[in-house]
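Worksheet: one structure, shown below.
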Amino acid sequence: MGSDYIPVNGMRIFQKKGVFSFSMDSVLLAAYGKSKGRVLDLGCGSGYLALMAAKDADEVVAVDRLQEAVDLVEKSAAANGVEIKTVVGDFRDLDLAPCDVIFTNPPFYRDSVKNDDPSISAAKHLDPDMHWFYEAARFLKPGGKIYGIVDVARFQEVVADLTAAKVAIKRMRPVYWKKGEAARRILFEGVSGGGCFMVLEAALYVYEKGAYSEEVAGYYGR
């Protein structure tokens, strides 16, 4: 276990490399979403999204099914002098108070070969019968918002889950590694009980001229 400095907000985050360490996806998602009221970081890992939400939220709750992840979040919260409530468990089995905002960067993999390390498998692979966003939506207040980032290949599954949960996607932004390539990720905002109007936002390019684009570099505080 080690700690890293987050330049954009001056916090330190404790991580376990290769298992519970925040990715660029979490950085993009934290910059995309807006925190207010009661915020839930679902599948929190090392807790980057929870830490980033702490400044603007009235209350932050971080949930992960692995105790090791929650221990890291608690250590980071204490080191930075912020309050983050933590819960351990499969969120399908939890009874949590309704939230104004949910941030979630779920595991991408469902059918690929799992890692021999159970912690890595749990962090990166979905259970075969898991409908992540359908289950997550039950924690939203009416009009509450869920922010997510997913691999483009999984987006239809996400839309189906949210539609079944009566959550409408209101904003969507495609993420490209470089210009001229296919999109890799989709950032989105869903609203519980929202209408059908949606905005497709300008593309986000991660790299330009061999380095982070100006926008993405700013997310890292550079």
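The values are calculated or read from the model by the stated rules, or taken from the named source; none is laboratory data. As the structure is a prediction and not an experimental result, all values here were calculated from the model. So basically every Cβ, Gly included, is an ideal-geometry build from the backbone, and we count neighbours across all protein chains shown. Surface areas here come from the heavy atoms of the whole protein model, side chains and all, with no ligands, DNA or RNA. Shrake-Rupley method; radii C 1.70, N 1.55, O 1.52, S 1.80 Å.
Computed over the chain, the P(r) tail beyond 21 angstrom holds 54 percent of alpha carbon pairs. What relative contact order, as a whole-number percentage, does the chain give when Cα pairs under 8 Å and 6 or more residues apart are counted? Relative contact order here is 18 percent.
Computed over protein heavy atoms with a 1.4 Å probe, the carbon and sulfur contribution to the accessible area of the chain reaches 51%.
Taking other residues whose beta carbon is less than 9 angstrom from the beta carbon of VAL152, and scoring Lys, Arg as +1 and Asp, Glu as -1, yields +2. How much net charge surrounds SER192 when only other residues with a Cβ under 14 Å from its Cβ are counted (Lys, Arg +1; Asp, Glu -1)? Surrounding charge for SER192 is +2. My understanding is that a pair violates if its Cα-Cα distance is over 30 Å; which of LYS85/LYS178; LYS34/LYS75; LYS85/LYS141; LYS17/LYS85 do that in this structure? Where the Cα-Cα span goes over 30 Å, the pairs concerned are LYS85/LYS178.
Below 8 Å between Cα atoms, with a sequence gap of 6+, how large is the relative contact order for segment 58-104 in percent?
43 percent
Per-peptide packing, taken as the mean over residues of other Cβ atoms within 10 Å, places 88-94, 23-29 in the sequence 23-29, 88-94 from highest down.
Per residue, how many Å² of accessible area does the chain show with a 1.4 Å probe? Before the final figure, lay out each step's value.
On the way: 10700 Å² over 222 residues.
Ligands and nucleic acids excluded, the result is 48 Å² per residue.
Of the residues LYS209, LYS55, LYS145, LYS17, the one with the largest accessible area comes first in the ranking LYS209, LYS55, LYS17, LYS145, computed with a 1.4 Å probe on protein heavy atoms.
Loop-located GluC sites (Glu not before Pro) in segment 168-222 (DSSP state other than H, G, I, E, B) with a sparse environment of at most 14 neighbouring Cβ atoms within 10 Å: GLU181, GLU201.
Kindly sort THR163, THR86 by accessible area of their heavy atoms, largest first, with the probe set to 1.4 Å.
Working: THR163 90, THR86 40 Å².
If we order THR163, THR86 from most to least accessible, we get THR163, THR86.
Put simply, when 59-68, 95-104, 35-44 are sorted by average Cβ atoms within 10 angstrom per residue, most first, you get 35-44, 59-68, 95-104. Just tell me which lysines come within less than 26 Å, Cα to Cα, of LYS179; anything on the same chain fewer than 8 places away is out. Here the lysines satisfying the reach criterion relative to LYS179 are LYS170, LYS209.
Given the rule -39500 (n - 2.57) for each run of at least 4 DSSP H residues, summed and divided by the residues of the chain, what is its mean residue ellipticity at 222 nm, to the nearest 500 deg cm²/dmol?
-7000 deg cm²/dmol
Note that segment 1-54, at 4 °C in a medium of 1.567 mPa s, gets a Stokes-Einstein diffusion coefficient of 112 µm²/s from its Kirkwood radius over C-alpha pairs. Summing charges over all other residues whose Cβ lies under 15 Å from the Cβ of VAL70, with Lys and Arg as +1 and Asp and Glu as -1, gives -3.
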